[in-house]
1. How would you rank 65-77, 114-126, highest first, on the average number of other Cβ atoms within 10 Å across their residues?
2. I'd like the Kirkwood hydrodynamic radius of segment 67-149, using the inverse of the mean 1/r over distinct C-alpha pairs, in Å.
3. Based on the alpha carbons, how large is the Rg to Rh ratio for segment 15-93 when Rh follows Kirkwood?
4. Where does each of R26, R93 land when they are ranked from fewest to most other beta-carbon atoms within 10 angstrom?
5. Select from C109, C38, C12 the residue whose mean-square fluctuation is largest in a Gaussian network model of the chain (Cα-Cα springs shorter than 10 Å).
6. How high is the relative contact order of the chain? Use alpha-carbon pairs under 8 Å, at least six apart in sequence, and give a whole percent.
7. So what is log10(I(q)/I(0)) for the chain at q = 0.14 1/Å, when the Debye sum runs over its Cα atoms only?
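A short reminder: the numbers here are calculations on the coordinates, not readings from a lab. Source: prediction; values computed, not measured. Counting neighbours? That spans all protein chains shown, and the Cβs are built from the backbone with ideal geometry, glycine included.
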Amino acid sequence: MIIVSACLVGLCTRYKGDDNLVTAVRELVERGEAIPVCPEQLGGLPTPRPPAYFAGGDGGAVLAGTARVVTESGDDVTAQFVRGAEETLKLARTAGATRAILKDRSPSCGCRSVTLEGELRPGMGVAAALLAGNGISIESEEDWLDKSS
């Protein structure tokens with residue numbers, strides 16, 4: 001089983017209330033090979049919601065307690081991001097998932113790059129870091145598309 005970012009399936013879960021549909025990812029769900037998940041919604045954040053960024057480090061640093069996730073207006077949403085990551089891991093374990101295809105550049109799902117201190121930098125989102133740290137193989141939708149084409 002594969003966990004996939006819900007926005008990639010066409011669900012309107014992005015912070016702006018829209019999606020990042022990748023038809024090939026949606027087809028995985030339609031075939032019963034994948035389960036869509038939105039860590040930010042699982043953490044209790046609304047949709048739409050203010051954009052959020054890292055302060056002090058990426059998702060791994062957030063999990064270590066040395067960084068935070070904050071909105072543009074400075075609201076600290078770290079607890080919601082950590083809770084969403086934990087719930088995503090529970091779902092992955094319950095489903096027997098061994099892989100995840102996640103939306104890059106997301107503060108939850110970013111696999112290769114995230115926005116840190118206002119700039120796009122190498123790093124991982126909170127959910128991506130937790131999944132990877134617990135033995136789930138993760139890749140961005142871009143890497144997965146490159147491999148599957």
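1. Values: 65-77: 14.2, 114-126: 19.3.
Packing proxy ranking, top to bottom: 114-126, 65-77.
2. On the way: mean 1/r = 0.0760 Å⁻¹.
Result for segment 67-149 stands at 13.2 Å.
3. Details: Rg = 14.2 Å, Rh = 13.8 Å.
Expressed as Rg/Rh, it is 1.03.
4. Working: R26 18, R93 12.
So the residues, fewest neighbours to most, are R93, R26.
5. C12
6. Values: 343 pairs, mean separation 34.1, N = 149.
Here the relative contact order equals 23 percent.
7. -0.57
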